[in-house]
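The values are calculated or read from the model by the stated rules, or taken from the named source; none is laboratory data. Note that this is a predicted model, so its numbers are computed, not measured. Heads up, the Cβs are rebuilt from the backbone with ideal geometry, glycines too, and the neighbour counts pull from every protein chain shown. Ligands, DNA and RNA are excluded from the accessible area calculation, which covers all protein heavy atoms including side chains. Shrake-Rupley method; radii C 1.70, N 1.55, O 1.52, S 1.80 Å.
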Amino acid sequence: CTVTDMKALLVAVNAKYIHTSLSVRTLKAYANSDNVEMAEYTINERVEDILRSIFLKKADVVLFSCYIWNVEVCLDVADMLKKVSPETKIIFGGPEVSFDDTEYMQKYDFIDAIMRGEGEATFKEWLEIGEMADGITYRENGEIIRNKDRELIHDITSIPFPYTDEDIEKNSGKLIYYESSRGCPFRCSYCLSSTTHSVRFRDMDVVKEELMVFVRHNVRIVKFVDRTFNADRKRTCELVKFLIDNAKNTTFHFEVAADLINDELVELFKTAPEGLFQLEIGVQSTNDKTIKAIDRKTDFEMIKRAVKLVQKAGGVHMHLDLIVGLPFEDFNSFGKSFDDVFNLRPDVLQLGFLKLLRGTKIRSEEEKYGYRYNSKPPYEVLKNDFISYEDVLLLKGIEEVFERYYNSGVFKGAMEYLLEKYNSPFEMFKKLWLFYDGNGYNKVGQSRNSLYEILSHFCDDELFCDILKLDYFTYNKGVNSPKWSLTKYDRSILKTRFDILTDEFIAENLSEYADIPTKETVKYLQFETFEYDVLSDCEKRRNIIIFDNKYNRRIRVCKDLKQ
């Protein structure tokens, strides 16, 4: 069949089930052809199952969207697909294969062509004229031919909205990705966005119309893929105000530059409903020498100011990032960066490990800084002239317990208690990891309940044990009293709870249950005994705390109890 008659299948292999692929949807929308279909899988599916699904679709050409997290799966599937269906044309595209396209073609003979760079116009033209399209690397008579690069799409508003109503409805509970701009004003040496020297914006009126589609469908989370959402401050404020005025049940996630957050934006955040916005801020390091080496121009004092202003505005979830393995950042320097950023108390602090991506400046500086990294995707750093592999392993461990105990958000009281005992948060999490690893807890999977028990052994302190117990019942509904609790469960509390739930007590503390029989009310309440008054002054005073699992609250019973 001719190119125009070919059935093309766009394949996305997502990192998680809750993710959706923006790339294949955008390619399909731009091509606007009845001969183009798309299919989504995840890296957690068996390669054989993905192969079977693709094979049975009987496409003439299969195009894989390739990133560092999925390229190995794409290669395995494509290799087997070519063996069972030699006539199927296989094309790769995406950031992972765009910069070393010839190398990929030489290494993997089952790849028939690679689409480099932005794929929309290239894919559309390929459907019309085949391999002669700009931006294509292909094979002909045993030779690898590389056509000239394609110019960027200057008017990105010309790219159609990639979602249909049916598609959004089907995926409304997942993470939906959206793009309102392309490019980045910064030139960070580790980032692929630094290779594109322009920022292009989608028309504001079009963006507003498209965002309202998500709002009408009550999409749970919309994540902007814009590299710097607030690159244009005036535009940012207009869009944020629009979402405040119109959005209801949808959360919008933006990646922003903290030093571009201005007072006008902060004032808008003050009027935003809680949960409407999530901000992701890449700090990466607070070492000035490191920041200069990676071509960033950030000022940590400005970042601190911006973060504190947004926190004071309230209601905005903030996620700050650090990167392990940057030039001039040794173990101690990273510990200082960690403390500097942690002390800002973000909702989430993400510890990432440097990936030396194809096409980035830092990958070309491999010898300059003594980088050694995994030769396979995701090309993660192993060591460099400033940090040893042993230290990287230690930081991997610290990152593991930090994710489990801090970023999970279900050990809040316990974490605060422990952090007060240390001058350095980094040292506390380092000690926690050494305890965790030293007792072999990292060798087997740990349930959430196990994590509470492990933490109870880490700090031999009665008050801490009761604070941990408070976390345990606050963030886990309907659980039994743990074996590490200071006070074992006493069935006599089953009778005591009816004595507590007088009409006066319900009216004062549980008014929502005033018209419900007490026998029904207790189904939503959990009564637990504590040795310390952890909701008041933390003095040793036996008391009962009621956990209301329906309204997510805790009520301290202010009465003396028999010992």
Restricting segment 117-140 to residues that are small (Gly, Ala, Ser) and part of a helix (DSSP H, G or I), the residue that is farthest from Ser158 (Cα to Cα)
Gly130
Among the residues of segment 476-491, are any open to solvent by 60 Å² or more (accessible area, probe 1.4 Å), assigned to a helix (DSSP H, G or I), without any contact (Cβ under 8 Å) to a residue 60 or more places away in the chain and farther than 18 Å from Phe527 by Cβ?
no
Look at segment 83-99 and say how many of its residues are surrounded by fewer than 20 Cβ atoms within 10 Å (Cβ to Cβ), assigned to a loop (DSSP other than H, G, I, E, B) and at pLDDT 95 or above.
4
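Quick check on this structure: which one of Ser450, Ser424 is among the small types (Gly, Ala, Ser), open to solvent by 30 Å² or more (accessible area, probe 1.4 Å) and at pLDDT 95 or above? Before you say what the answer is, go through the steps one by one.
Numbers: Ser424 fails: open to solvent by 30 Å² or more (accessible area, probe 1.4 Å).
When all the criteria are applied, what remains is Ser450.
Okay, residues lined up against (1) on the phi > 0 side of the Ramachandran plot; (2) exposed (fewer than 15 other Cβ atoms within 10 Å of the Cβ):
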position	(1), (2)
Gly142	yes, yes
Glu151	no, yes
His154	no, yes
Thr164	no, yes
Ser181	no, no
Cys188	no, no
Cys191	no, no
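Is it true that Lys550 is open to solvent by 90 Å² or more (accessible area, probe 1.4 Å), modelled with pLDDT of 90 or more and under 30 Å from Val401 (Cβ atoms)?
Details: open to solvent by 90 Å² or more (accessible area, probe 1.4 Å): yes; modelled with pLDDT of 90 or more: yes; under 30 Å from Val401 (Cβ atoms): no.
No, not satisfied.
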Regarding Gly315, is this residue touching a Pro at 6+ places or on another chain (Cβ under 7 Å), among the small types (Gly, Ala, Ser) and either surrounded by fewer than 17 Cβ atoms within 10 Å (Cβ to Cβ) or free of Cβ contacts under 8 Å to residues at least 40 places away in the same chain (or both)?
yes
Just checking, does segment 170-191 include any residue being polar (S, T, N, Q), farther than 25 Å from Gly282 by Cβ and not in a loop (DSSP other than H, G, I, E, B)?
yes
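Yes or no, residue by residue, for (1) polar (S, T, N, Q); (2) modelled with pLDDT of 95 or more; (3) open to solvent by 30 Å² or more (accessible area, probe 1.4 Å):
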{"residue": "Cys1", "(1), (2), (3)": "no, no, yes"}
{"residue": "Thr4", "(1), (2), (3)": "yes, no, yes"}
{"residue": "Ala8", "(1), (2), (3)": "no, yes, no"}
{"residue": "Asn14", "(1), (2), (3)": "yes, yes, no"}
{"residue": "Ile43", "(1), (2), (3)": "no, yes, yes"}
Subset of segment 318-348 [buried (at least 16 other Cβ atoms within 10 Å of the Cβ) and touching a His at 6+ places or on another chain (Cβ under 8 Å)]
Pro346, Val348
Test set (1) open to solvent by 20 Å² or more (accessible area, probe 1.4 Å); (2) part of a helix (DSSP H, G or I); (3) touching a residue at least 24 places away in the same chain (Cβ under 8 Å); (4) closer than 17 Å to Leu320 by Cβ - Ile244 fails condition number
(4)
Only one of Phe342, Phe353 is out of contact with any Asp or Glu (no Cβ under 7 Å at 6 or more places or on another chain) and aromatic (Phe, Trp, Tyr), namely Phe342
Within segment 197-228, track down each residue that is part of a loop (DSSP other than H, G, I, E, B), open to solvent by 30 Å² or more (accessible area, probe 1.4 Å), without any contact (Cβ under 8 Å) to a residue 60 or more places away in the chain and within 15 Å of Ile159 (Cβ to Cβ).
Asp203
Cross-chain or 6+ apart pairs with Cβ under 7 Å, segment 347-358 first and charged (D, E, K, R), then open to solvent by 10 Å² or more (accessible area, probe 1.4 Å) and assigned to a loop (DSSP other than H, G, I, E, B):
Lys355/Ile68; Lys355/Pro378; Arg358/Phe99; Arg358/Asp100
Within segment 370-391, which residues are touching a residue at least 60 places away in the same chain (Cβ under 8 Å) and open to solvent by less than 80 Å² (accessible area, probe 1.4 Å)?
Pro377, Pro378, Tyr379, Ile387, Asp391
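For segment 267-286, give me each residue that is open to solvent by 10 Å² or more (accessible area, probe 1.4 Å) and either under 14 Å from Ile303 (Cβ atoms) or in a loop (DSSP other than H, G, I, E, B) (or both). Can you show your working first?
Going through segment 267-286, the residues open to solvent by 10 Å² or more (accessible area, probe 1.4 Å) turn out to be 267-268, 270-275, 278, 280, 282, 284, 286.
Thr271, Ala272, Pro273, Glu274, Gly275, Glu280, Gly282, Gln284, Thr286, listed by residue number.
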